[in-house]
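First the structure, in the form of structure tokens, and then the observations on it.
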Amino acid sequence: MPQHFTPRADGRLRLALLLGLAALIGAALLAFVMVRSDHAWAVGRPAPQPIPFSHALHAGGLGLDCRYCHAGVERAAEAGMPSASLCLGCHGDVWAGATALAPLRDSLALGAPIPWSSVHRLPDHTRFHHGAHIAAGAACETCHGRVWEMPQTIKVRPMSMGWCLDCHREPEPRLRPVEAVFDRDWQGRPPPANPHAGGAVSPLTQCSTCHR
Amino acid sequence: MTDTPPDRREVLRLAAASLALAAAGCDSGPDEFGHPLHGAAEGGGEAASFATVLELGGLGRGVLVRRRGGHAIKLEGNPDHPASLGATDVFAEAAVLSLHDPARSRRVREGGRPRPPAALDAALASVRAELLPRGGAGLLLVTGPIASPTTARLIRAVLQDFPAARWQQHDPLADDAGLEGATRAFGQPVATLPDFALARCVLALGADPLGPGPAQLRLARDWSHARAEGRDRGDLPVLMVAEATPTLTGARADRRLAMREVEPFTRAIATALRVPGLADTGTHPEAAPVAKALLRAGEAAVVLAGPSQPVAVQALAHAINATLGSTVMRHVEPPFARPGPMGDSALAAALAAGAVTHLLVLGVNPAGTAPALRGTMAQRPFSLHLGAHVDETAHLCRWHAPLAHELEGWGDTRAFDGTAAIRQPATTPLVPEARGLDDVLAALLGLAERGEALVRATWQASWGEAGFEPRWRAALEAGVVEGTESPALRPALRADWDPGPPAPPPSGLLAIFAPDPHLLDGRFAENAWLQELPRPLTKTAWGNAVLVAPADAAALGLTAGDEVLVELAGRSLKAPVLPLPAQPSGCVTLPLGGGREAGGEVGTARGFDAALLRDPASPWAAGPVTLRRTGQRAAIIATQTGMPADPPPVLAPGESIPPRAPGPSLYPGWTYEGQAWGMAIDLDSCIGCNACAIACQAENNTPVVGPQEVARGREMHWLRIDLHQAEDHTIFQPVPCMHCEKAPCEVVCPVNATVHDDQGLNLMVYPRCIGTRTCSNNCPYKVRRFNWFDYARSEGGLALRNPDVPVRPRGVIEKCTYCQHRIATARTQARLEGRPVRDGEVETACQRACPTQAITFGDVNDPASAVSRAKEEGRNYALLGELDTRPRTTYLARIAPGDTGSAG
């Protein structure tokens, strides 16, 4: 019976298996790295917006406080988006007829919301309370970066569950005194103790603390 | 999909395709739905709550509307309103679904074709111009029962402008006999207002005070309080019921006398109590003990007659109350603007009298609820139907206009006790062309005002100009107008009162017509939540059945699900039968509200339409009816067949259940520091009204699965109500997740998708769940529900969705979370304020809805909390306690009825 395989076939098979295994491991590694990459979490990628709004101009240049537009941030779960009437409070006089601001005027006329695109999207199965974080001493900058320097709003942190947990496991080094939360030039040191005041604090790493 | 199993290649192809999809999904993926980031046009988009009022049978129940982004997402009871006291009924809970119903009528139509709304205004103006010269002759206004001061004012104005016009109120379930009975007894129509808080002995004659109705919440609360006080005192109040068709009150009665006709029994009671002036006496074997129990309670006794009872029974009930000197029964002016007959026969007479050339049917659907009147309603020169749906009446009328939902517009109403409340819009109007009843009347009157201005005008007339604004705002904020309840009347029994001669005993099988517990006369048939909610006593959903006594069924050779031909006075229809032990022999119950002809996708042809057999002259009972087997089977969709496991214990007064010592466990113990949530459900208070189940559905975005899936046992309700029926009692047992400390579901999950948190909640991690359903298989309480389909995305009702609760994708298990989002909200709020969570601060949706406050929820680590105190009671027991799952939800056992006089 003739030989079906050459003497080197065994070696080739072994090499092929080895390469295949390496490719599998490599693909797994690549996937592992990819899903953790900033690209996968849309870090640094601006979302298309109905109005070319610049935080750099409003918050940075004009020096508006974050809370002027995101009024609910200290007490509500959602920081809140400014209403069209709030925007038009100034833009009724400044740039009043600009076509870029047409969505604001339409919104007020129709009573319809302005369809901003979400840059920091909160998944449906997660709850997040801005007020609770502010009260604990987490500054705006800690999660959102230096928004007042952004012409287009972008995400600077991945906001993955792992990123949340990094802080929830050891919040102290990342916190500020509560009065410094809105301070853009704060250079101090974190307060020594967990500033969570009163009440029974549920351990921050419990699933049900953030998930619903 | 074909039924043949896919071959190996097919499986591989699918696997490859799904891998490719998974790889593609690593990109940013589709935008998460239901989470828009909207800047509101004006004001904040935060959660807000509005006090308003909803009507049932023309009478209001106060509600608080929780609103998000302009949409009403959940209704809760208004604690300040006398007809709510903070609780809700199934209809109030389901109102948000009706509001967001995609099948709502959206366009003004003429001859079935959409027309611009201005065309209707022009038509109404020309009707006015045409009718004014002839004083309105030929105009017939048909409305539902009107208690609203504004609507009443406008109708009076219409009748003033058009003196020859007529106005007929129509409600197929109206208590016409009650008013006539009161007139026979007292010489004037009065409304009865029993105060169960004072009652020691209640006899309901075909009445269903604990069942659906505008006063249900109040009566149920008062009754449960009287019972709680009785439990503490060791002397329970007695509830006795004599009825032909099973009701919630009958199920909850300490003594239920199932009888075909109540009238002979009522006469026997009156005879035994020596009611003066009674011409025709009677005897009944059960009368003596019942009369004795009533006599013993004396002025704390009360007799109620239901709307379905003949006039004689109504008059007799009044006379018995007068003889007993009952202080429980109070009387007030009927809250309606014009009390009078409102049933089908009254409408038939109004349609027949005079030549009706202009027919305005506003907010009712007589062609749907009284098919016998269809012929007389059609072919009028001008006809307009104002309704939420293009229903049976809309098809008969030339014009149709969409009716604004109660939550969308302005109005006012009165409660069963007369308390007025102002109805304010609590949501963004969803149908731009919709108009309110008041708006149509104003158009007919040629007024320019609409909506709020009309209501303001009414109240300005009664309050005056001075100080109007603060009063108006206070009334809107409170949801009630202070001090408007009807003053009590003290009518005296007429000396010459006469209940009328005894009715001749009907021969043959008697047909009893009864409103469906959730659809009533069919007006709620288009609401999928109410259709899918299992009826309390039959556990049927998405349809109805003829209820037959088991003895009669055996005699006719019928079993559950057999189709029969029901024949009554020459009319006939086909329907499935359901033998029910509570149904007395000699009569059958035909539930109304099914089989709608034009009920939209949800409501059309669900079950059979008993109204087809209903004669306007005798709307509640008729005979003889015959049932003939057709040989076919008709599916009855039920969520419970047979009796559930572990029937609840019934304790003698003072008896207690020994606490069960926890057994050894293989699993490590766990201590709960801080809060540990738990629930106690009082089976002695539960009346089985289903409010908790539907409140849970509304709160937790639980999907509707439809009749086919319910028939497969795939209903999604997180909270079900088990029905335990025994010889002498019926117990309703609400069963949510037990949140076992030794949860059998957790240890079998292969992916750790169901876990405990530090407060003892057994929770689902939906993204982890891979849908093995092993947890459900291992759950002894069977409270876990599986998403067989992608209901969340297919439902389309996103505006209605509670944003605090995520929707679950296909292929995952879901279940009760103890309203974990409410706990988290309270916890965050407490932390922001730097204080611990207070007892009672977290109320689950089911607890909030419960009219009898049977559900207690709170921190079991706090010995002073209400739930800890409830669990300390001797009645506390765990469902399937022998399994030692250490459930956090426990039950308080029913107390056996005391002496109801049956022993003599």
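The values are calculated or read from the model by the stated rules, or taken from the named source; none is laboratory data. Because the structure is predicted, anything quoted here is derived from the model rather than measured. Quick reminder, even Gly has a Cβ in these numbers, built from the backbone with ideal geometry, and neighbours come from all protein chains shown.
Residues considered: B:Leu85, B:Leu120, B:Leu75. Of these, the only one that is assigned to a helix (DSSP H, G or I) and over 25 Å from B:Ala348 (Cα atoms) is B:Leu120.
Residues that are among the basic types (Lys, Arg) and within 28 Å of A:Ala76 (Cβ to Cβ) were ranked within segment B:48-92; the one that is modelled with the highest pLDDT is B:Lys74.
The residue of segment A:1-48 that is nearest to A:Thr153 (Cα to Cα), among those that are among the aliphatic types (A, V, I, L, M), in a loop (DSSP other than H, G, I, E, B) and within 13 Å of chain B (Cβ to nearest Cβ), is A:Ala47. State whether the residues of segment B:822-840 include one that is away from chain A (no Cβ under 14 Å) and within 18 Å of B:Ala676 (Cα to Cα). Yes, some residue in segment B:822-840 is away from chain A (no Cβ under 14 Å) and within 18 Å of B:Ala676 (Cα to Cα). Scanning segment B:754-781 for residues that are in contact (Cβ under 8 Å) with a residue 12 or more places away in the chain and part of a helix (DSSP H, G or I) gives B:Tyr766, B:Arg768, B:Thr774, B:Cys775, B:Ser776, B:Asn777, B:Asn778.
Can B:Asp235 be described as modelled with pLDDT of 95 or more, among the acidic types (Asp, Glu) and out of contact with any Pro (no Cβ under 7 Å at 6 or more places or on another chain)? So B:Asp235 fails the test.
For segment B:737-767, the set of residues classified as among the acidic types (Asp, Glu) and more than 12 Å from chain A (Cβ to nearest Cβ) consists of B:Glu741, B:Glu746, listed by residue number.
Quick grid of which residues meet (1) more than 18 Å from the chain's Cα centre (by Cα); (2) in the same structural domain as B:His81 (by TED's automatic domain parsing); (3) not charged (D, E, K, R):
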position	(1), (2), (3)
B:Arg184	yes, no, no
B:Phe196	yes, no, yes
B:Val202	yes, no, yes
B:Gln216	no, no, yes
B:Ala228	yes, no, yes
B:Glu243	yes, no, no
B:Ala253	yes, no, yes
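The set of residues in segment B:546-567 being farther than 24 Å from B:Ala242 by Cβ and assigned to a strand (DSSP E or B) consists of B:Asp562, B:Glu563, B:Val564, B:Leu565, B:Val566, B:Glu567.
Within segment A:130-137, is even one residue part of a loop (DSSP other than H, G, I, E, B) and either surrounded by fewer than 20 Cβ atoms within 10 Å (Cβ to Cβ) or modelled with pLDDT of 90 or more (or both)? No, the conditions are met nowhere in segment A:130-137. Going through segment B:793-802 one residue at a time, which ones are within 14 Å of chain A (Cβ to nearest Cβ) and either surrounded by 21 or more Cβ atoms within 10 Å (Cβ to Cβ) or under 25 Å from the mean Cα position of the chain (by Cα) (or both)? Matches in segment B:793-802: B:Leu798, B:Ala799, B:Arg801, B:Asn802. The residues in segment B:466-488 that are of a type outside the set (D, E, K, R) and exposed (fewer than 15 other Cβ atoms within 10 Å of the Cβ) can be counted, and the count is 8. For segment B:742-760, the condition of being within 27 Å of the chain's Cα centre (by Cα) and surrounded by fewer than 22 Cβ atoms within 10 Å (Cβ to Cβ) holds for none of the residues. Please specify each residue of segment B:237-284 satisfying the condition of being in a loop (DSSP other than H, G, I, E, B) and under 28 Å from B:Pro550 (Cα atoms). Matches in segment B:237-284: B:Ala244, B:Thr245, B:Pro246, B:Thr247, B:Ala253, B:Asp254, B:Met259, B:Arg260, B:Glu261, B:Val262, B:Thr283, B:His284.
Looking across B:Asn690, B:Asn701, one residue alone is within 14 Å of another protein chain (Cβ to nearest Cβ) and either over 28 Å from B:Asp232 (Cβ atoms) or under 20 Å from the mean Cα position of the chain (by Cα) (or both). It is B:Asn701. Total residues in segment B:210-240 satisfying the condition of being within 20 Å of B:Gly298 (Cβ to Cβ) and of a type outside the set (Lys, Arg): the figure is 12. Based on this model, can you work out whether A:Arg127 counts as within 13 Å of chain B (Cβ to nearest Cβ) and exposed (fewer than 14 other Cβ atoms within 10 Å of the Cβ)? When the stated conditions are applied, A:Arg127 does not pass them. If the condition is being of a type in the set (Gly, Ala, Ser) and outside any helix (DSSP H, G or I), then segment A:139-178 contributes A:Ala139, A:Gly145, A:Ser160. Scanning segment B:680-719 for residues that are hydrophobic (A, V, I, L, M, F, W, C), in a helix (DSSP H, G or I) and either surrounded by fewer than 23 Cβ atoms within 10 Å (Cβ to Cβ) or out of contact with any Ser or Thr (no Cβ under 8 Å at 6 or more places or on another chain) (or both) yields B:Cys692, B:Ala693, B:Ile694, B:Ala698, B:Ala711.
Note on segment B:765-791: residues that are touching a helix residue (DSSP H, G or I) at 6+ places or on another chain (Cβ under 9 Å) and either assigned by TED's automatic domain parsing to the domain that holds B:Glu601 or closer than 18 Å to B:Thr702 by Cα (or both) total 10. Note on segment A:69-88: residues that are free of Cβ contacts under 8 Å to residues at least 12 places away in the same chain and either farther than 21 Å from A:Phe128 by Cα or more than 10 Å from chain B (Cβ to nearest Cβ) (or both) amount to 1. Taking B:Gly631 as the residue in question, decide whether it is surrounded by 15 or more Cβ atoms within 10 Å (Cβ to Cβ) and farther than 30 Å from B:Asn777 by Cα. Spelling it out, it is not the case that B:Gly631 is surrounded by 15 or more Cβ atoms within 10 Å (Cβ to Cβ) and farther than 30 Å from B:Asn777 by Cα. Checked against (1) within 23 Å of B:Thr88 (Cβ to Cβ); (2) aromatic (Phe, Trp, Tyr); (3) loosely packed, with under 14 Cβ neighbours inside 10 Å, B:Trp677 meets all criteria but (3).
Take the conditions (1) within 29 Å of B:Leu592 (Cα to Cα); (2) without any contact (Cβ under 8 Å) to a residue 60 or more places away in the chain; (3) acidic (Asp, Glu); B:Glu465 misses just one of them, which is (1). Only residues that are closer than 26 Å to B:Thr150 by Cβ and buried (at least 22 other Cβ atoms within 10 Å of the Cβ) were counted in segment B:306-338, giving 3. I want to confirm something. Restricting to segment B:88-146 and keeping residues that are among the polar types (S, T, N, Q) and either surrounded by 17 or more Cβ atoms within 10 Å (Cβ to Cβ) or within 16 Å of B:His385 (Cα to Cα) (or both), which single residue is farthest from the chain's Cα centre (by Cα)? That would be B:Ser105.
Taking every residue in segment B:258-273 that is in contact (Cβ under 8 Å) with a residue 12 or more places away in the chain and of a type in the set (Val, Ile, Thr) and pairing it with any residue that is surrounded by fewer than 20 Cβ atoms within 10 Å (Cβ to Cβ) and part of a loop (DSSP other than H, G, I, E, B), at least 6 positions away or on another chain, the pairs with Cβ-Cβ distances below 6 Å are B:Thr271/B:Thr281; B:Thr271/B:Gly282.
Exactly one residue out of B:Leu179, B:Leu203 is closer than 16 Å to B:His318 by Cα and either among the β-branched types (Val, Ile, Thr) or in a strand (DSSP E or B) (or both): that is B:Leu203.
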